[in-house]
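Here is the structure we will look at.
Every number here is computed from the coordinates shown, using simple stated rules; none is lab data. Please read these numbers as outputs of a predicted model, since none were measured by experiment. Glycine also receives a Cβ, built like all others from the backbone with ideal geometry; neighbour counts cover every protein chain displayed.
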């Protein structure tokens, strides 16, 4: 899209993201989501044309990773840097938080000069999203009580429920791939479970995908072996959204069924909801033998579904055999990262370039979430940048 | 205070902080302390009015945390960022320092491009302050010998003796709370020991408080159970300062006695001086059974003084029952972070907002320590910022 | 040298470093090396005169330290900051790389917004340089396929083969010490092994030195006890270069022989090539008892050569007894960091100032490697900085 068109479209949108956190995509209106996509595209245009996108002279973006991360960590750092903010990581191991400090207190203590806080907390069902909201409430209080000079915006970098920076990047990839958001209507997506020799992978990616993709008139098939359910409320929400936004949502227990005639496939492993619930209980009660037992049992269960692999054969089932393969990465590639995994090597290799492009949108999506949450008139901010043409690389 | 008044007052002060480290408040003249308070207030005004406070285009602020930290770490990062410096952390675990490198060498190696070094080293009595001075001497040498292009300023982020970024923030909180430094004269402060189920807490906070508060004409009571002495030289110094600056300094062995009619109370646990000495010896000789024995004994001793808790009842003893409660945080709150601790939950909750405000001054205090150590004429620097009105958040 | 002279000389050089990684000095032409030296000197002049050297408004410099580092870590951070880039560290422990992700994927995932990647990988013979090239190939692919918007430049922060940021800093130190690159012709250098009570020290420093110093018409003696060979190909290359560039390269088995009449001595411990090969094999096969055995044997072997120490007596053998002592630091100093080591304390102390100066060039060398790899006309870039006179420290 032309940059002028982007700014024009943006100018017509309301400022619904201002002052809001980005926790779950389904809390956002279509207009609010569209604002994020357009700002991300505008930022990408500016950077590609060596135009500085700094809108902060100084300021901090706090990251709080309660689980490992490469992609999202670097995307967050890139987004912050692009806007002129410096990342400060809250490493709970070298902090005094172990002292039994409350979330309310920590949230305020790190936020005196923070413009944003990015949080990854995806380990325990029922915990991650709750934690992010506790931080949010604490910040609201701190701000309204005059403790904080500004209310830092929160960006969900993956919770137990949603992974919006991932699903929004996935979606922006589709928008660009299919030549516009309007072209997604009617496209069939297969979000399916796939076999992996590891266990305990979070549910947030498939949940994020069905929670977001059902809002664009797409035909979303969610496929998994019996027992590998997602959080029931999210599955229900996906169904309701499909109805509302004019697409469809179907659950099937066959990878083939989902792949059949699909425009897009997203085969990705996860642990069953019931297992994650059990695991959370065992972890909280520090039942180590119980955990070991659960892992063994779960891996044995996974092993019954080794045929849930994205093979060349299965890819032939997709629309004209040319369905677009998506993955949040890293994938478990058969014969590369494991003996038997989510995807055949030749499929993965064939889709390497679009896969890496899919990932490349994340820094822009995060920067757009930040910018729209902070500035009332993003269209004007971007127009200023475009006019000033302050070069990112000087000389 | 009006920003014009702040700048006017500043203009009248000498440049005594230039080129000096900030290690102990009692090495600074009243004028030098006042300069730091005023610059901190000016920086706060500028930031609240979205005026950039960058006075560095680039440069590094090194942090060296030899003990855990959240508050001070984020305050240091905030202060550096506010002035335009980037934090680079010296993590002694991933460095080559274990090779047996000398302090002199390391200090120079990290300082080629460093504008400031912030050091926390509070674990061993007789060590932290000594280490900071060794670094300082090494930097003096490196600079005078032409190895370093600039002499980085050192900020004590907590030593075994003093915690100046804490006590100065506490004091700035009091200045704002009571409406001016001149209103502190005659105010009664109770710096008292409080029960905690943990052991080995540093002495630097209470030492920092009595070492600073006795210079403002305040009536300082230091209260602790028999045997919980601070470093004797610091207690003596507090007495001498009270005499010189027209306040009082009294040691009592009763929390009630100290709280009686107090305007300000600061109940906070610490380990007795004698225990810290013993602990340092055992740690240096790696006597693990000895350390375990010491901890057991010390906790048993603490347990005899569980009544040293800041309860609602005790708060009633303070002036009109409305004394201001201070803490450096995190506090051991009874029923929240431990079964029985330093403070009753309802007291802590009632003072939550002023407590968080107390903490909020630290980034400004650190930035002011940096600015006054680097710029000869802070008043002029701040006036420039005020005139230029370069926005922190653009657009 | 006058800054005008530097810029004039630079203007006459071709842009051979543009778009190139800096992996091995011997892959660079003399002109390309000279460009780096001149830019480093210009940057040093600018910084010393408080002129900002930022040529990036924003951007990331990724560091990937697969081995510990202090000096190089801080030099890299300083170089990045000096140019306006923010360091983002790839810590493989807190990333998802353990999942079995390929180098190709990681390289792209961290590079969407990266301008440079600095890599230290010096642990295994045959691995470090290979890894850096794998990253390079992955980035080439990613860039040509449109995945990356820019191709980040790679700076070798120490591999198994070369340590160019070290040897180039060493050389710039010599250029300044002897008053010009033209004065190095005919100077005698003793790069010699020295005793150390530790084992497994990388070969990259001596290899880097003989690989670079033989290109300036110097007389390079490489001395080590029998069996302490470097990688044979690098020794051969040094010989060939000496022939080509009009100096000499000699291998001797006597420290005295090498020191005799030397203008410069560089006594430094390393592990024999054969041991490093064996060690790599054992590490890869996780043969712990084998590794322990090898270490024991190697230390016993080292102990036979305790007389390879840089003593005052040996220094008397150098030209007029005034040879310049070099070391990459930290050194094993007899009676300081170990009972018996590479150098006598009085020698080290006497050369402390030049040693620290030697280290002080590294930030500038790294910044110059970055700048010349990114800008076609460094002379023009530097001239702009000089004209704009944007102050690093404002006011």
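Hey, for residue A:353 with labels 7 Å out along Cα-Cβ, what do the inter-copy distances come to in nm, ordered shortest first? With the label placed 7 Å along Cα→Cβ, residue A:353 yields 6.0, 6.1 nm.
With the cut-off at under 16 Å, measuring from each backbone N in the range A:142-159 to a point 7 Å along the Cα-to-Cβ line of residue A:283 picks out A:157-159.
Relative to the current alpha-carbon distance between residue B:50 and residue B:14, full extension at 0.36 nm per residue lengthens the span by 10.1 nm. Overall size of the range B:8-55 from C-alpha positions, given as principal axis extents largest first: 34, 22, 16 Å.
Normalised Debye scattering of the range C:1-130 at q = 0.21 Å⁻¹ gives log10 I(q)/I(0) of -1.44, counting only Cα atoms as equal scatterers and leaving out solvent. The distance from the alpha carbon centre of the range B:137-166 to that of the range C:247-274 is 38 Å, rounded to a whole number. With an a/c value under 1.5 for the gyration tensor axes a ≥ b ≥ c computed over the alpha-carbon atoms, the protein assembly as shown is described as rounded. Each copy carries a label point for residue B:183 at 7 Å from Cα along the beta-carbon vector; from one copy to the others these points are 6.7, 6.7 nm apart, nearest first. Springs join every pair of Cα atoms under 10 Å in this Gaussian network model of chain A, and among A:139, A:90, A:23 the largest mean-square fluctuation is at A:90.
For the peptides A:174-183, B:29-38, the ranking by mean Cβ contacts within 10 Å, running from highest to lowest, is B:29-38, A:174-183.
With distances taken between every two different alpha-carbon atoms, chain A has a Kirkwood hydrodynamic radius of 21.8 Å.
For the range B:307-380 versus the range A:52-97, the inter-centroid distance based on Cα atoms is 28 Å. Quick note on the range C:164-359: its Rg to Rh ratio, both from C-alpha atoms and Rh being the Kirkwood radius, is 0.97.
Here is the tail figure for the range B:80-228: Cα pairs spaced more than 18 Å apart come to 67 percent of all pairs. Plainly put, the range A:340-395 has a radius of gyration that is 1.24 times its Kirkwood radius, both from alpha-carbon atoms, as the Rg/Rh ratio.
Ascending distances from the residue B:146 label point to its copies in the other chains, with the point 7 Å along the Cα-to-beta-carbon line: 5.7, 5.7 nm. So for the range B:257-309, Kirkwood radius off the Cα pairs, Stokes-Einstein at 25 °C and 0.890 mPa s: how many µm² s⁻¹? Approximately 188 µm²/s, per Stokes-Einstein.
The residue C:307 and residue A:91 beta-carbon pair, evaluated with R₀ = 51 Å, returns a calculated FRET efficiency of approximately 0.60. Working note: Debye formula, equal point scatterers on the alpha-carbon atoms of the range B:205-247, no solvent; log10 I(q)/I(0) at q = 0.15, 0.16, 0.19, 0.33 Å⁻¹ is -0.31, -0.36, -0.50, -1.21.
Based on the Cβ-Cβ distance of residue C:261 and residue B:102, what FRET efficiency does E = 1/(1 + (r/R0)^6) give at R0 = 25 Å, to the nearest 0.05? So the FRET efficiency works out to roughly 0.20.
Using alpha carbons only, how many angstrom separate the centre of the range A:12-38 from the centre of the range C:171-230? With the range A:12-38 and the range C:171-230 each reduced to a Cα centre, they are spaced 61 Å.
Distance to the C-onto-B rotation axis is smallest for one chain C Cβ; residue and value in angstrom are C:86, 4. All alpha carbon pair distances within the range B:94-169 were sorted into 10 Å bins beginning at 0; the resulting P(r) in whole percents reads 19, 47, 30, 4.
All C-alpha to C-alpha distances of the range B:140-279, sorted into 10 Å bins beginning at zero, yield P(r) values of 12, 39, 30, 13, 7, 1 percent in whole numbers.
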